[in-house]
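Here the structure is laid out as structure tokens; the discussion comes afterwards.
The values are calculated or read from the model by the stated rules, or taken from the named source; none is laboratory data. Because the structure is predicted, anything quoted here is derived from the model rather than measured. Cβ placement follows ideal geometry from the backbone for every residue including glycine, while neighbour counts extend to all protein chains displayed.
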Amino acid sequence: MLQYITDNKGKTTGVFIPYSDWEKLVRKYKGIEEDIVKIPEWHKNIIRERIKNAKP
């Protein structure tokens, strides 16, 4: 069963998909997981810089 996540104003901000349902979607729509985990290189660079600056 999907679970909808809402903010304090009642606006839907996300959806929780149970893992078993996710597995069905992955089988039905080949390559869907690749589309979701692609992170742009510019974003990776920002994260790397933040991690570097966060170290004591």
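How do the pairs read when you match residues in region 27-56 that are under 21 Å from I17 (Cα atoms) and modelled with pLDDT under 75 with residues anywhere that are β-branched (V, I, T) and in a helix (DSSP H, G or I), using Cβ under 7 Å and keeping only pairs 6 or more apart or on different chains? Qualifying pairs under 7 Å: E33/V26.
Is it the case that some residue within region 1-22 is of a type in the set (K, R), surrounded by 10 or more Cβ atoms within 10 Å (Cβ to Cβ) and at pLDDT 85 or above? No, because not a single residue in region 1-22 is of a type in the set (K, R), surrounded by 10 or more Cβ atoms within 10 Å (Cβ to Cβ) and at pLDDT 85 or above. Can you find a residue in region 14-21 that is of a type outside the set (A, V, I, L, M, F, W, C) and touching a residue at least 12 places away in the same chain (Cβ under 8 Å)? Yes, there is a match, as at least one residue in region 14-21 is of a type outside the set (A, V, I, L, M, F, W, C) and touching a residue at least 12 places away in the same chain (Cβ under 8 Å).
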